[in-house]
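Novice: A single structure is presented below for examination.
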2 protein chains.
Amino acid sequence: MTELAKRISVAFFGIPLLLATTYLGGWYFFAVILIISTVAQWEFYHIQKEKSIFPRTLPGIMLGTLLLTGVQLKAWSLTGLLLTAGIMLLMITEMFRRQTAVSANLGVTMLGILYIPFFLGCLLYIRYFLDIMFPQIPDAGFRFVLTMFVTIWICDTFAYGFGRKIGRHKLYQKVSPNKTIEGGIAGVIGSLLVLFIVKETGILPLTWFQAIAFGLVFGVIGQLGDLVESWFKRDAGVKDSSAILPGHGGMLDRFDSIIFVSPALLILTRTFWP
Amino acid sequence: MTELAKRISVAFFGIPLLLATTYLGGWYFFAVILIISTVAQWEFYHIQKEKSIFPRTLPGIMLGTLLLTGVQLKAWSLTGLLLTAGIMLLMITEMFRRQTAVSANLGVTMLGILYIPFFLGCLLYIRYFLDIMFPQIPDAGFRFVLTMFVTIWICDTFAYGFGRKIGRHKLYQKVSPNKTIEGGIAGVIGSLLVLFIVKETGILPLTWFQAIAFGLVFGVIGQLGDLVESWFKRDAGVKDSSAILPGHGGMLDRFDSIIFVSPALLILTRTFWP
């Protein structure tokens, strides 16, 4: 099977699965977020070994699962206390390992929990919270999250497509040698286009200001998320976060923009509708 | 001035200052916690350079300050959103630095925020929260926090004193060559003694079970906090976290047990009185 064929096959099953579970919300959406988070977090920890850093993979993933479960159950107090106890336990047990890069090991473990399950936890939260906040709009949570997904995918496509055609000035050679400024701008324009359509069709009740804000944030932060993830990979000296998604690379590669935009979606939403 | 004289001078001014601000609570207590947190966090970041790790010291301390201020103002939502934005900004700007240990730098920066201002934030919170939770006990917050301080200091003293006299079996050579199991047990016994006195004199309305629990937790977790901090220092190859407190070493050296017990105090309190 060619790379392109593999890529299309994965997307053929993956995209409907993601969209269906996002629509259904509840524990369906939780399940798919948990899977993405766990695999991406595992990949993030795994590539660190190239730099002789040995994060606490299993405890890190367990704490990430605890965090996401706590968000889904809205058990803020209990989850906060359990996570705190978990962090303390992590620090105490680090002394019993044979690894010597203590601060780096612990630090990268914490970073993995903040970067992936905590950021995705924001998405999990916003999916049900928006339903509560906009009872007058049917499927409000689904509409917002779907808008975010579509915007990021269109941004990606525009950046890649226009980048290939008209890209001339490198965006950030050190981090990502193939990206261009022209592609980046095209991506942001693509994002704004999607938000324009979402507003004009009334899919979401946004003012012009809000539509532009979401478009810019999704487009810019989404691409920054891609760059940050590329920077982590360069740091570790790897090309893909893993080979788990045939034709796509790793889970983290595929969802890096969604992961990074999730907290931005939460922040923007809470800012516009406090 | 001899080392002992310096040590006594610092304690002569430091202990009353700490106790007075703890008693007064409010912004006085906040100020002293902020100072301890900032200096200790700075020290934690500073010793990492010995391992060629370059954490984001200023942003890390700023986020720590934001966290503590948010706890004091009880502005949970706003602080959470600002901290999240801060973490995203930290990750984005890491790409523009010339350092190459990206994950380690970011990870250790996050670790510093969790270990010190977040843990001390638990202490800040419990100081005013206990006043609210026990309105029938005058100065409830002060009494609990004072009990914690005194227990840790007595535990320290017993562990050191009895350790010197009857200490024979090493506790954990790799981490802290001078500590002994006998000293450790003496420390826990000292902690239990303090809690016994606190219960019997009615300073705090504790059952026997609660008194023993607090005694064990303060004694064990306090000593583990000391070991964890020693392990960080060994990892960095330094003897003291800094020379900022004449005769005592660094701020982190001085407050490592208090820092580590703070979240434990919060967890135990929320467990006994949910």
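Novice: Considering only the stretch A:184-211, state which residues are under 20 Å from A:F260 (Cβ atoms) and not small (G, A, S).
Specialist: Result: A:I185, A:V188, A:I189, A:L192, A:V194, A:L195.
Novice: I'd like to verify a number: residues in the stretch B:149-173 that are open to solvent by 80 Å² or more (accessible area, probe 1.4 Å) and part of a loop (DSSP other than H, G, I, E, B), how many?
Specialist: Going residue by residue through the stretch B:149-173, those that are open to solvent by 80 Å² or more (accessible area, probe 1.4 Å) are B:157, B:160, B:162, B:164-166, B:168-170, B:173.
Of the ones still in play, those that are also part of a loop (DSSP other than H, G, I, E, B) are B:168-169, B:173.
So the count comes out to 3.
Novice: Another question about this same structure. In the stretch B:218-234, what residues are open to solvent by less than 20 Å² (accessible area, probe 1.4 Å) and either among the acidic types (D, E) or more than 13 Å from chain A (Cβ to nearest Cβ) (or both)?
Specialist: B:F218, B:G219, B:E229, listed by residue number.
Novice: Return the residues of the stretch A:86-111 that are part of a loop (DSSP other than H, G, I, E, B), surrounded by fewer than 14 Cβ atoms within 10 Å (Cβ to Cβ) and modelled with pLDDT of 85 or more; say none if nothing qualifies.
Specialist: A:F96, A:R97
Novice: Do we have any residue at all in the stretch A:235-251 that's more than 11 Å from chain B (Cβ to nearest Cβ) and in a helix (DSSP H, G or I)?
Specialist: yes
Novice: Does any residue of the stretch A:206-221 turn out to be of a type outside the set (D, E, K, R), closer than 20 Å to A:D139 by Cα and free of Cβ contacts under 8 Å to residues at least 12 places away in the same chain?
Specialist: Yes, that holds for at least one residue.
Novice: I'd like to know if the stretch A:192-205 contains one or more residues that are within 14 Å of another protein chain (Cβ to nearest Cβ) and within 29 Å of A:E3 (Cα to Cα).
Specialist: No, there is no match, as no residue in the stretch A:192-205 is within 14 Å of another protein chain (Cβ to nearest Cβ) and within 29 Å of A:E3 (Cα to Cα).
Novice: Quick one: A:C122 ticks every box in (1) open to solvent by 20 Å² or more (accessible area, probe 1.4 Å); (2) in contact with a helix residue (DSSP H, G or I) (Cβ under 8 Å, 6 or more places away or on another chain) bar one, so which box is it?
Specialist: Of (1) open to solvent by 20 Å² or more (accessible area, probe 1.4 Å); (2) in contact with a helix residue (DSSP H, G or I) (Cβ under 8 Å, 6 or more places away or on another chain), only one is false for A:C122: (1).
Novice: Being among the aliphatic types (A, V, I, L, M) and more than 9 Å from every other protein chain (Cβ to nearest Cβ) is the filter here, so list the residues in the stretch B:83-102 that pass it.
Specialist: B:L83, B:L89, B:L90
The values are calculated or read from the model by the stated rules, or taken from the named source; none is laboratory data. Keep in mind the model is a prediction, meaning the values are calculated, not measured. All Cβ positions, even for glycine, are placed from backbone atoms using ideal geometry, and neighbour counts span all protein chains on display. Heavy atoms of the whole protein, side chains included, go into the accessibility calculation; ligands, DNA and RNA do not. Shrake-Rupley method; radii C 1.70, N 1.55, O 1.52, S 1.80 Å.
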